[in-house]
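Undergrad: Supplied in structure tokens, the structure appears directly below.
Read the figures in this text as sums done on the coordinates, not as results from a lab. Owing to the predicted nature of the structure, the values given are computational and were not obtained by experimental measurement. Methodologically, a virtual Cβ is constructed for each residue, glycine included, from the backbone with ideal geometry; neighbour enumeration extends over all protein chains shown.
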Amino acid sequence: MSSGVRVMVVDDHPMWREGVARDLTEAGHLVVATSGEGRQAVRVAAAARPDVVVLDLQLPDVSGVEVIRGLRAVLPEVRVLMLSASGEPQSVLDAVKAGATGYLVKSAAPAEFLDAVRRTAAGEPVFTPGLAGLVLGEYRRLAARPATVHDAAPRLTERETEVLRLVAKGLSYKQIAERLGLSHRTVQNHVQNTLGKLQLHNRVELTRYAIERGLDD
């Protein structure tokens with residue numbers, strides 16, 4: 001069994017925040033910090049160094065989108081899982097564009113939430129059913145726009161390209177490993193190497209990159 005994930009919970013409702021933290025702790029994760037305000041959350045996260053930040057979209061001082069940008073500035077590798085009452089398409093797209101790895105609505109079942117935290121820590125995009133299609137649809141729309149600048153693409157190995165193509169098709173790391181006859185860790189390593197070469201931050205950005213280049217066909 002893998003060790004627990006270091007998690008920070010940011011929500012301005014104390015009872016909800018404490019309940020989420022309790023569920024995480026009971027599931028074997030380590031809650032390294034909690035906060036009810038956005039600016040405080042960014043300061044605390046810099047010291048607490050969580051693997052995953054569970055973040056509400058609506059906060060009393062700044063928006064969740066601004067918090068995502070602040071978190072990514074102080075902790076570039078941090079994964080952000082939005083947990084919001086709002087499932088509005090624009091809210092979801094704004095959060096993902098700012099760097100969120102996943103987005104769940106608060107009506108999600110506890111088991112679904114805990115699974116989302118684990119998958120977010122692994123860099124997998126996790127969305128409430130229906131929202132994943134929304135995000136992919138937006139990326140396809142952006143990819144369809146005429147390019148104005150053609151940058152030289154970094155050179156990927158044949159295996160990295162193969163893994164990237166399967167990521168773009170929406171396969172999980174486990175499914176990719178089974179398809180290619182590789183270990184789960186090897187697939188993760190290929191994805192991390194590809195992220196580094198392409199100067200991308202997470203699997204959502206990687207999926208967009210692949211779609212823009214037609215690798216999801």
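Undergrad: Quick one: if you stick a label point 7 Å off each Cα along the C-beta vector at Glu18 and Leu180, how many nm between them?
TA: Spacing of the two 7 Å Cα→Cβ label points: 4.7 nm.
Undergrad: Taking Cα atoms, how many degrees apart are the long axis of helix 184-198 and the longest axis of the chain, rounded to 10 and kept between 0 and 90?
TA: For helix 184-198, the angle is close to 80 degrees.
Undergrad: Based on the Kirkwood radius over alpha-carbon pairs, what is the Stokes-Einstein translational diffusion coefficient of the chain at 25 °C with 0.890 mPa s viscosity, in µm²/s?
TA: Translational D for this selection: 138 µm²/s.
Undergrad: Of Leu182, Leu164, Leu83, which is the most mobile in a GNM of the chain whose springs link Cα atoms less than 10 angstrom apart?
TA: Between Leu182, Leu164, Leu83, it is Leu182 that shows the largest mean-square fluctuation.
Undergrad: Tell me which lysines have Cα within less than 21 Å of Lys197's Cα, excluding those fewer than 8 residues away on the same chain?
TA: In chain and number order, the partners are Lys97, Lys169.
Undergrad: Just to be sure I understand the curve: with the Debye formula and one point per C-alpha of region 37-79, what is log10 I(q)/I(0) at q = 0.19, 0.25, 0.32 Å⁻¹?
TA: -0.45, -0.80, -1.27
Undergrad: Can I ask one more? Any idea what angle helix 203-212 forms with the longest principal axis of the chain, computed on alpha-carbon atoms, 0 to 90 degrees, nearest 10?
TA: Taking Cα atoms only, the helix is inclined about 30 degrees.
Undergrad: Mind giving me the nanometre distance, one decimal, between the label points for Ser107 and Arg43, set 7 Å out from Cα along Cα→Cβ?
TA: My value for the distance between the label points is 3.7 nm.
Undergrad: How many nm is it between the label spots at Asp61 and Ala73, if each spot is 7 Å from the Cα in line with the beta carbon?
TA: According to this spin-label approximation, the distance is 1.3 nm.
Undergrad: What do the square roots of 5 times the Cα gyration tensor eigenvalues come to for region 8-85, in whole Å, largest first, as semi-axes of the equivalent ellipsoid? Show your work: numbers first, answer last.
TA: Details: eigenvalues 61, 44, 20 Å².
After scaling each eigenvalue by five and taking roots: 17, 15, 10 Å.
Undergrad: Moving on to the next point. Can you tell me which of Val204, Val44, Val54 moves the most in a GNM of the chain? Springs connect C-alpha atoms under 10 Å apart.
TA: For the chain, modelled as a Gaussian network with Cα springs under 10 Å, the answer is Val44.
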